[in-house]
Amino acid sequence: MHSDSVRGVDRRRLLGWGGLAAAGVVAAGAPLVGAQPGHAALAPTEPAGEDRIPPDTRPGGAYDRYVAKLAAEGKFSGVVLLSHRGRTVLSRSYGMADKEKGIRNHEGVAFALSSAGKPFGAVAILQLAQRGKLKLSDTVGTYLTGFAKEIAEKVTIHHLMSGTSGLNNPEVDVQRIFQSREEVREYNEQWARQAKLVSAPGTPTDHAGAEVAIPAQIVEAVTGTTYWDYVQEHIFKRCGMTGTAFYTRPQWLTDEHIAHPYMTLADGSQVDAVRNLDKGSPDPFVLGVNPGRSFIDAPGDGGFATAPDLVRFANALRDGTLLDRPYAELFTGAKIPLPPQGGGLRNGRVAPADASFGAYHMPVSIINGQWLWGRAGGNPGVGASWNIYPDTGWVGVILSNIDGVPLWEIIEREEQAVLGRR
C-alpha cells in the first residue's frame, strides 16, 4: 500500500536510498517564504564562491548533459534541480505535464512523491514530541485502539519510524477505487489493524506499510485533525511550500500545475494513469498511492511537491522553522546499520556507499567520507528523489512523470556531480 517501486528500478533498491533527508541541516540561508521559485536567497555567512561549485553541477556540465540526453531519447520527463546553500545552480524541465492539454513541465509543476513523501510524517511526529504531546518511547496502544495486544503494548513510535517494528505488510484490495478522503482514511485505519507481529519489536523490518500508516494515525489522535491537514498547516505552510499539497484525484485531473503520470502497458503503449482508472498496477505495494485508484494519498505517504518547494523544506529544517536543532538532528540520526544493499544494488553490484543506516522514515549513508541523506519513491509513471548533502550544502531533486526513467542512474550521476566522484 505504500510503494517504492519505479518501473525499471527494483523496489528494494530504493528502500535503502532515496531522495529526501533532513535537507535543511544542509542548505543554509534565510527562510524561503516569498522567494522566487527555485531561487533562494544566498546565506550571507556562507558565500558560494566559484571554488565551491563543482564543474559537473553547472549548466552545460556533465550532469546537465546527461539528463538532456535522456530527455532527447524519451527516457526522461520531469524536473531536475541542484541547489547549493540555498541558491539554484541548475534547474531543467523536460517533457509534458499533461499531453492532452498541451501543458509542459516546469518548475511550478507539482509531481507525485510516492514514498519520497514519507519523511513529512516523521517531521510531524517529532514536532509533537518536541511540544511534549507524545514520547517516542510510547507504545501504539497509548494513542490507538483496535490493535492486537502484543502490538499495542510492545511496539513503540520509535520502532515504527526507525523500521524496526517487527510488523508485516497486511494484504490489500488492489482493485479498490476510492471516492473520498474519508473513505481513504477509514480503509487505512482498518488496514493497519490487520498487521501482525512477525518478529520481536526492535527487529529490522522489510518496509512494512503499517510503520508509516500507524504514526500518521497517532498524529491524528493527538492533534484531533487529519494527517493531511496537520502536515499542510504545520509543515508545508510554515516552509512557504505553496505548490505542495495532498491533492485529490479531481484536482489531479483539472489543475494545470500537477503533472500527470504516464505509465507503459504490457503492449508497449503509454497512457495517462490518472485518466485510466481501469489500467492501474496490480502491484499490492502500489495501492494507497496508485495513480488513478487513490482519491488522495494514504495518510503518512505521498503528496505532491514542486522541486523548489523541496528546497524550501530543506532550508526550513536548517533554520529551525520546522524543528529545533536537537530534533532536526534526531530526524536524520543513524538508528540502525543497514546491510550492503542498503546503499542500493545496481547491475548486480553494490552502489558505492561506505556505510548505510536507517533513520526516521528514510535511509542515510556515508559516501566518500560525506553524509548523504535521502529518500526516493515511485509508482507507475511516477519517480521522485531528493538527496541532501549536509557536509557541502547541496540539495538534489529529481521528479519525473513517465515510466522507463532510469531513476537510480540519475541519482548516481547527481551524486557524481556533487561529490566529484567517478
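Residues in the range 336-354 that are in contact with a helix residue (DSSP H, G or I) (Cβ under 8 Å, 6 or more places away or on another chain) and surrounded by fewer than 18 Cβ atoms within 10 Å (Cβ to Cβ) were compared, and the one that is modelled with the highest pLDDT is I336. Restricting attention to the range 211-244, the residues being over 24 Å from L167 (Cα atoms) and of a type in the set (A, V, I, L, M) number 3. Look through the range 187-220, keep the residues that are over 21 Å from F120 (Cα atoms) and of a type in the set (D, E, K, R), and return whichever of them is surrounded by the fewest Cβ atoms within 10 Å (Cβ to Cβ). If we take residues in the range 187-220 being over 21 Å from F120 (Cα atoms) and of a type in the set (D, E, K, R), then K196 is surrounded by the fewest Cβ atoms within 10 Å (Cβ to Cβ).
Count of the range 163-197 residues, restricted to those that are more than 19 Å from F357 (Cα to Cα), in contact with a Gly (Cβ under 6 Å, 6 or more places away or on another chain) and part of a loop (DSSP other than H, G, I, E, B), is 2.
Residues in the range 54-88 that are open to solvent by 10 Å² or more (accessible area, probe 1.4 Å) and of a type in the set (V, I, T): T88 alone.
Only residues that are open to solvent by 20 Å² or more (accessible area, probe 1.4 Å), in contact (Cβ under 8 Å) with a residue 24 or more places away in the chain and over 30 Å from A266 (Cα atoms) were counted across the range 388-422, and they come to 6.
For F120, the test of being assigned to a loop (DSSP other than H, G, I, E, B), over 19 Å from F295 (Cα atoms) and of a type in the set (A, V, I, L, M, F, W, C) is failed.
Do we find that I218 is closer than 24 Å to V109 by Cβ, in a helix (DSSP H, G or I) and of a type in the set (V, I, T) in this structure? First the steps, then the outcome.
On the way: closer than 24 Å to V109 by Cβ: no; in a helix (DSSP H, G or I): yes; of a type in the set (V, I, T): yes.
It is false that I218 is closer than 24 Å to V109 by Cβ, in a helix (DSSP H, G or I) and of a type in the set (V, I, T).
Among the residues of the range 121-143, which ones are open to solvent by less than 20 Å² (accessible area, probe 1.4 Å) and of a type outside the set (G, A, S)?
Scanning the range 121-143 gives V123, I125, L126, Q127, L128, L134, V140.
Of the candidates L160, L128, the single residue that is under 18 Å from the mean Cα position of the chain (by Cα) and part of a helix (DSSP H, G or I) is L160. Within the range 97-116, is there a residue that is in a helix (DSSP H, G or I), closer than 24 Å to A273 by Cβ, open to solvent by less than 10 Å² (accessible area, probe 1.4 Å) and not hydrophobic (A, V, I, L, M, F, W, C)? Yes, that holds for at least one residue. Residues in the range 224-248 that are buried (at least 18 other Cβ atoms within 10 Å of the Cβ), assigned to a helix (DSSP H, G or I) and in contact with a helix residue (DSSP H, G or I) (Cβ under 9 Å, 6 or more places away or on another chain): Y227, W228, Y230, V231, H234, I235, F236, C239.
Hey, could you check the range 71-96 for residues that are among the aliphatic types (A, V, I, L, M) and in a strand (DSSP E or B) and say which is nearest to W252 (Cα to Cα)? Please lay out each step first, then the result.
Initially, the range 71-96 is screened for residues among the aliphatic types (A, V, I, L, M), giving 71-72, 79-82, 89-90, 96.
Cutting the leftovers down to in a strand (DSSP E or B) gives us 79-82, 89-90, 96.
Numbers: V79: 18, V80: 21, L81: 23, L82: 26, V89: 30, L90: 27, M96: 15 Å.
Going through the qualifying residues, I end up with M96.
Of all the residues in the range 185-204, those that are over 14 Å from A148 (Cα atoms) and under 23 Å from the mean Cα position of the chain (by Cα) number 4.
The values are calculated or read from the model by the stated rules, or taken from the named source; none is laboratory data. Fair warning: this is a prediction, and the values are worked out from it, not measured in the lab. Heads up, the Cβs are rebuilt from the backbone with ideal geometry, glycines too, and the neighbour counts pull from every protein chain shown. We work out accessible area using only protein heavy atoms, side chains counted, and drop any ligands, DNA or RNA first. Shrake-Rupley method; radii C 1.70, N 1.55, O 1.52, S 1.80 Å.
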